[in-house]
Amino acid sequence: MNPSGLEALIEALRCLPGVGPKSAQRMAYHLLQHDRKGAQRLGDAIAHAVALIRHCQRCNTFTESEICERCASPRRDASLLCVVETPVDMNMMEQTQAYSGLYYVLMGRISPLDGVGARELGLERLLSRILDGAVREVILATNYTNEGEATAHYIMSMLKPKGITVTRIARGVPVGGELEYVDSGTLAQALRERRTCAD
């Protein structure tokens, strides 16, 4: 038997991070009882985003174009490539106003417990992006979590034989911290104090 429209809405809202059954139920009732126009806008916006947003061919972030605005900008320094885990992390780096290079967004991190390895992250695509002839330095700006560190180490070992300079953002970012929750001043300092990766 198919769920009712209300049950389907509640179940759909549960896919959001941090939303359990009670929160999903409250949201569904609120939208239907107090804000049907808002519910319609939300539905239209989600449908629009799912239909039009894709991954940038160069940096892998979300965009409506084949190449995102940052990658297409002639003002960015193409010799610098900053590797981050998520688009949110990329936006945090941009807010520091301390970086003018390009990015590559992994859309995750190596996490064997979750079944995510180098293949699932598409690190071969990252490697071909780095070896395009323009990149001179790769800045690893993965989070200082166990998974972020493992990802940075894997990328560093992958690039070492290629003769590319690899740096890591400094530990101004708290150990165990995620870029999304770090203030832009701390992140700017970490970027300025990046260092060459060692074994």
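Quick one: which of Arg58, Arg26 is surrounded by 11 or more Cβ atoms within 10 Å (Cβ to Cβ) and in a loop (DSSP other than H, G, I, E, B)?
Step by step, each of Arg58, Arg26 is checked, and only Arg58 is surrounded by 11 or more Cβ atoms within 10 Å (Cβ to Cβ) and in a loop (DSSP other than H, G, I, E, B).
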task: Pull up region 81-100, narrow it to residues that are surrounded by 15 or more Cβ atoms within 10 Å (Cβ to Cβ) and part of a loop (DSSP other than H, G, I, E, B), then point me to the one that is nearest to the chain's Cα centre (by Cα).
output: Thr86
- line: Picking from Thr142, Thr151, Thr167, the residue that is surrounded by 15 or more Cβ atoms within 10 Å (Cβ to Cβ), part of a loop (DSSP other than H, G, I, E, B) and modelled with pLDDT of 90 or more would be Thr142
query: Yes or no: Val173 under 19 Å from the mean Cα position of the chain (by Cα), touching a residue at least 12 places away in the same chain (Cβ under 8 Å), within 22 Å of Val88 (Cα to Cα) and not in a loop (DSSP other than H, G, I, E, B)?
result: no
message: Ala78 - would you say it is hydrophobic (A, V, I, L, M, F, W, C) and either in contact with a Phe, Trp or Tyr (Cβ under 7 Å, 6 or more places away or on another chain) or part of a helix (DSSP H, G or I) (or both)?
response: no
query: Can Leu191 be described as of a type outside the set (Gly, Ala, Ser), in contact with a strand residue (DSSP E or B) (Cβ under 8 Å, 6 or more places away or on another chain), within 18 Å of Ala98 (Cα to Cα) and part of a helix (DSSP H, G or I)?
result: yes
query: In region 93-107, is there at least one residue being of a type in the set (D, E, K, R) and within 29 Å of Ala12 (Cβ to Cβ)?
result: no
message: Restricting to region 170-199, give me the number of residues that are of a type in the set (Val, Ile, Thr) and open to solvent by 60 Å² or more (accessible area, probe 1.4 Å).
response: 2
- line: If we keep only residues of region 83-136 that are in contact with a Gly (Cβ under 9 Å, 6 or more places away or on another chain) and polar (S, T, N, Q), then the residue modelled with the highest pLDDT is Thr86
- prompt: For region 108-134, what are the residues that are open to solvent by 20 Å² or more (accessible area, probe 1.4 Å), farther than 17 Å from Leu81 by Cα and not in a loop (DSSP other than H, G, I, E, B)?
  reply: Pro112, Leu113, Asp114, Val116, Ala118, Arg119, Glu120
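The values are calculated or read from the model by the stated rules, or taken from the named source; none is laboratory data. Because the structure is predicted, anything quoted here is derived from the model rather than measured. Here the Cβ is made from the backbone with ideal geometry for all residues, glycine too, and neighbour counts use every protein chain on show. All accessible areas refer to the heavy atoms of the entire protein, side chains included, with ligands and DNA or RNA removed. Shrake-Rupley method; radii C 1.70, N 1.55, O 1.52, S 1.80 Å.
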